[in-house]
Structures are given as structure tokens and as C-alpha cells.
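Structure, as C-alpha cells:
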Amino acid sequence: MHKSLRITAIAAACAVAGGVVYGAGAATAGQSTANSTHEPYNIGLLVKDIDTYYGTTADANGVYQASPDSLYAKDLARMDAAAERQIDQAARKAHHRGERPAVVFDIDDTLLLSLDYEKRYNYTYNSTTWADYVNKADRPGVFGSAELVRYAASKGVEVFYNSGLSEAQRTAAVENLKKIGADVNLDTAHMFLKDKANPPSYLNACATPGTWTCTTVQYKSGTRKHIEDDLGYDIVANFGDQYSDLDGGYADRTYKLPNPTYFVS
Ligand SMILES: [Mg+2]
């Protein structure tokens, strides 16, 4: 992911560390409040909302895990069911017409869940700790996503990966995806990672060897254009947890997975 562009919260958890959270509407007689229409949502309450949404608990190793019974899991299950119906239908149509259907998956927080990292570091980003985390290749799967990858493949739909992870992170990404059961097309012809030093020629509008000015949308949509225009596939569905994974066209349908923990522009 284009981590330098991430917008993150700072030291969020400290606001609730003492256990004192002032709820909305808890004003007492004689208390003066600003009545501002501009005050953002309280960050301590937001952290609690995020924990509730994922059903976050620490496991025996102290690793934060999302609950399979959470609202997060339910949102994903609803989206996955709709996606399977659409992929099945699109695949039949494409095969009937003699076209080659494909699906595209982002990796971070679309296939591999980074909740432990995000909570541990209070939803901030640091390139060193992030690289260490990714290289452990031990992230859990996003609920249902590996099944969706295998479902698409079972319908004769070509699976591609379109990720902001770097070439240096390829080995760890492949190992981690195998571990969660997304063991489909994990080769260099199907997994597109960011190679800033040696960008592919189809990105030449924003990247040449030694210069990289691609935005996330340019990089990701440029990769999808390559899959469609150069490789000859029709992308029937594109999955991502950020709008920048989905904007810029070159997909018949986009699926935005939930992720309230950071924003990548
Ligand atoms: Mg992502």
C-alpha cells in the first residue's frame, strides 16, 4: 500500500486508557460546552467503536484478532454472497461470448488482515514496523476472502492481485497468502506488486526507471488497464478496502471491503 499517503490517528488509545470516557449527551447542569458544529468525532470513542465492530480480542499470544461473529464479519459475508452470485453470472456470460473473465484483489486488508498492527500502533504507520509485520507472513485472512479467490478460480475466472506492497515483500506476501488458503495464481504473472526502481512500461505515464510519481489510483488502474488491454481479460470484479483500489475504471463491478482503521488516498 502507498503508506506514505496514509492518514492515521495519533495515540488514540491513550484517551481511554484511564477508563474515563465522557459519552455524548452526558452534560451536567451548569456545564458550558462549545456547541461547535465543527468538532470531529471523539477519537477515544472511535477506537472503542472500531474494537466493537471487529469484536477485537487478544488471543493466547497477545495477538489482536477479529471475531468471526462480529459485525465486520457479517458485513463481509453479505458482500461475499453478492459477489459470488455476480461472478458466477459474469463468468457464464463471458465464457458464452468467448471472452476471458478475470477478478482483481488488493492484498492488505482485502485478503490479509492488519488489525493487530493497527491496534498495536494506535492506527499510526511506520515503515520499519510495518515492514517487520508484513515480513512475518503471519497475518490472518480477511473473513471469506480466500474462499472468494478459490470460488472465482473454480468458475474459470482468472485471479489477479494488485497490491501496493513492494517487490521486496513478494516472498512474504506469497507465503502469507498460501497460509490463509488463497493459493491461486501466486506467480509473478498474476501478482502485481510495486516496483518503483524498475516500473513496467505500461505505467510510463507516471513512472520510468528512477522516477515514480504514480498516485495509488494511477498505479492500480494502470495495472488493471494492462490486464484488460494488453493481457486480454475482462475484469468482472475488483475487490479493495480503499476507494483508491477501486477508482479509475477497468472493472465491471467494484467491491469496497470495510476498513475503518486507516485511509489511503
Ligand atoms: Mg488494502
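At 222 nm, what value in deg cm²/dmol follows for the chain if DSSP H runs of at least 4 each add -39500 (n - 2.57) and the sum is divided by all its residues, to the nearest 500? Using -39500 (n - 2.57) per qualifying helix, the result is -10500 deg cm²/dmol.
Round to the nearest 0.05 the FRET efficiency obtained for E167 and T37 when R0 = 41 Å and r is the Cβ-Cβ distance. The calculated FRET efficiency here is 0.30. The label point for A82 and the one for K48, both projected 7 Å from the Cα toward the Cβ, are 3.1 nm apart.
Around the amide H of T254, modelled in the peptide plane, lie the amide H atoms of N238, all under 5 Å away and 5 or more residues distant in sequence or on another chain. For T213 and N135, a Förster radius of 30 Å and the Cβ-Cβ distance give a FRET efficiency of 0.65, rounded to the nearest 0.05. What share of the DSSP beta bridges in the chain is antiparallel, in percent to the nearest 5? Taking every DSSP beta bridge within the chain, about 30 percent pair in antiparallel fashion.
A full extension of the chain between S265 and N204 corresponds to an added length of 19.9 nm, given 0.36 nm per residue minus the alpha carbon distance. Basic side chains Lys and Arg get +1 at the Cβ, acidic Asp and Glu get -1 at the Cβ, and with that the dipole of the chain about its Cα centre reaches some 140 debye.
Note on region 10-256: with neighbouring protein chains present and a 1.4 Å probe, carbon and sulfur make up 51 percent of its accessible heavy-atom surface.
Using the Cβ-Cβ distance between A153 and K196 with R0 set to 41 Å, the FRET efficiency works out to roughly 0.85.
Placing pseudo-labels 7 Å out from each Cα toward the beta carbon at V63 and D75 gives an inter-label distance of 2.3 nm. Checked against a 29 Å cut-off, the cross-linked pairs K48/K220; K155/K196; K48/K155; K179/K256 give Cα-Cα distances beyond that limit for K48/K220; K155/K196; K48/K155. Per residue, the accessible area of the chain comes to 50 Å², computed with a 1.4 Å probe over protein heavy atoms only. Among the trypsin sites (Lys or Arg not before Pro) in region 171-201, those located in a DSSP loop and surrounded by at most 14 other Cβ atoms within 10 Å of their own Cβ are K196.
The values are calculated or read from the model by the stated rules, or taken from the named source; none is laboratory data. Predicted model, so just to flag it, every value in this text is computed and none were measured. Counting neighbours? That spans all protein chains shown, and the Cβs are built from the backbone with ideal geometry, glycine included. We work out accessible area using only protein heavy atoms, side chains counted, and drop any ligands, DNA or RNA first. Shrake-Rupley method; radii C 1.70, N 1.55, O 1.52, S 1.80 Å.
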